[in-house]
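In what follows, a structure is listed as structure tokens, so that the remarks can point back to it.
The values are calculated or read from the model by the stated rules, or taken from the named source; none is laboratory data. In this text the structure is predicted, and so the values were computed from the model without any measurement. Note that each Cβ is placed from the backbone with ideal geometry, even for glycine, and that neighbours are counted across all protein chains shown.
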Amino acid sequence: MSSELGTLLARAVDELSTDGPMDELRAAGLRRIVRRRRVERHSVESVAAVAAAGVVGTAAWFGLDRLSPPPPAHDPTPSVTATPTPTPSATPAPEPTTAPTLAPAVAGVPSAFVAPPDLLEQTGPGWMLASYRPRYVPTDRDDVEQADDQVLHLVSPDGAHYAVVTLPVDPTVDILYWDAGAPRARVRQWTEDERLLMTLTPATSTGWLDLRTGTVTLDGPDFNPTGEFLAVLPDGTELWSENKDYDENIDEDPNPGEEIYAVAPGAQPRLLASDADWRYHLSLDPGAERFAILDAEGVAITSVADGTQQHISLGRPAAECDLVSWLDRTGVLAACRTTTGGTRLLDNAPALYRVDTGDSTVTLVHSFVAGEPIPAFPGAGSYVRDGVVVFASVPVTADTTLDVGAASIGLTMWTADGLSSLPGVPADMSTARTRVRGDVIYVDTRGWAGLPPSADGPVAGSVVAIDTLSGSTTELSSPGRPQDGVARWLGDDLTWWVAGASGG
């Protein structure tokens, strides 16, 4: 979900201390939960759709220290247009009957045309809805400045931008998902006061944004401040999580179990999994019928229809494991390493395993060696097609330690034939979020290179569509242009969704 730690902190209400301000111990406990949630909700895979909230994982099983939030993308500069073979053809930009009109320029936001009145009806799979809320570091001081407005664009599959609506920057609107042709988008909105006072709940923050008027109609489920949107299914049912006992547990247990619910349109939440001690990642299968989580006992598979559960032990008591993604409808890809091999990563046998939900077997499918890229964080992968997974990756040498550090993060495709790198992520940038539509993977990037640990945010990067069959790329959004008074544009204030895509 696209937010900073402060945004996640906004989900905690002042109910945590009904008699007055929280004491430091309780506040620290809350922040531990929030930090964990920022790690654990890195991404949620779904064939139908998944929250675009952009929470990026840290503390990976390989020791990756830090990933940054999603970048504001800027002027589109299309390269080779991706045209995936098995993927339904992306709907092209509309043929203008008159010369298109440029929209007023907004610093830090891509140049755009004024959207034709019937543009929404002409959009199809492959169109992107993006919300820009530019922030930057001035050249004369270290403070962070923010634009007065946020701007929503529709972006065609070839990278043409159309300005749809301009909104106040407060409340901020983050895009969760959107269907092609639809006049509204599912969003989360929050104000600075809610963020600071910690009074944000799903009911007061989640709703539908009218893409013509800019009006938000709230209708989120009645969960407490820990409630978090996870995914949407093909029939419009949403998956949510909530920690019901967060108030009681905050002092003793910074990582209490959570409950996962299905919320159908107009219906009350339906409990699917209780006390879900899930670690870092929830992943929907390619049919959006079951989800997998990694708990203390191994992999837990839960039916979305009725909550029926299947537990599969990984059989590795002295190992640390994380989910990568589903491989097909019956197989889950997990990454494991031992904990007894010393400080060097390759001495701890990092490997990929297939967890078969049919016969509950666990099979080694790949052992990593020096020079190969490894999954960068929990839930780093995205299902592309049966037997093909793309994951955010970091390079490993013979001397790489368990604490990989904030290495540059690229994209790697895994098949039964081995590993291959994908284009689209510059060497000085890192993968922030990936989504998939057919054989096309969409990735946004941002950069930490050269920035101090205390930096207010990463450098803004790009959103790129990559055809995994041909390797061709299309840049859908690029960083803000250099501007007087701007030392760097920050890369944590863009949220986006591609119609017909899946992934977190």
Where residues in region 104-118 are surrounded by 18 or more Cβ atoms within 10 Å (Cβ to Cβ) and at pLDDT below 95, which of them is farthest from the chain's Cα centre (by Cα)?
Val106
Considering region 208-237 alone, what residues qualify as being surrounded by fewer than 24 Cβ atoms within 10 Å (Cβ to Cβ) and either among the acidic types (Asp, Glu) or at positive phi (or both)?
Asp210, Gly214, Asp219, Asp222, Asp235, Gly236
Candidate set from region 346-361 (those that are in contact with a Gly (Cβ under 6 Å, 6 or more places away or on another chain) and at pLDDT 95 or above); member that is surrounded by the most Cβ atoms within 10 Å (Cβ to Cβ):
Arg354
One residue is enough: does region 219-226 have a residue meeting the conditions at pLDDT 85 or above, in a loop (DSSP other than H, G, I, E, B), aromatic (Phe, Trp, Tyr) and farther than 26 Å from Leu333 by Cβ?
yes
Looking at region 198-218, which of its residues are at pLDDT below 90 and closer than 18 Å to Val169 by Cβ?
Leu200
Picking from Asp222, Asp143, Asp148, Asp210, which residue would you name as being of a type in the set (Asp, Glu), touching a helix residue (DSSP H, G or I) at 6+ places or on another chain (Cβ under 7 Å) and more than 30 Å from Thr473 (Cα to Cα)?
Asp222
Among residues of region 119-137 being at pLDDT below 95 and part of a loop (DSSP other than H, G, I, E, B), the residue nearest to Ala180 (Cα to Cα) is Arg133
Identify, by number, the condition in (1) over 23 Å from the mean Cα position of the chain (by Cα); (2) over 18 Å from Gly461 (Cα atoms) that Val144 doesn't meet.
(2)
Check region 464-487 and report whether any residue there is modelled with pLDDT under 85, surrounded by fewer than 24 Cβ atoms within 10 Å (Cβ to Cβ) and at positive phi.
no
Please tell me if Arg279 is closer than 25 Å to Val362 by Cα, within 20 Å of the chain's Cα centre (by Cα) and at pLDDT 95 or above.
no
Considering only residues that are surrounded by 19 or more Cβ atoms within 10 Å (Cβ to Cβ) and in contact with a Ser or Thr (Cβ under 7 Å, 6 or more places away or on another chain), look in region 333-345 and name the one that is modelled with the lowest pLDDT.
Leu345
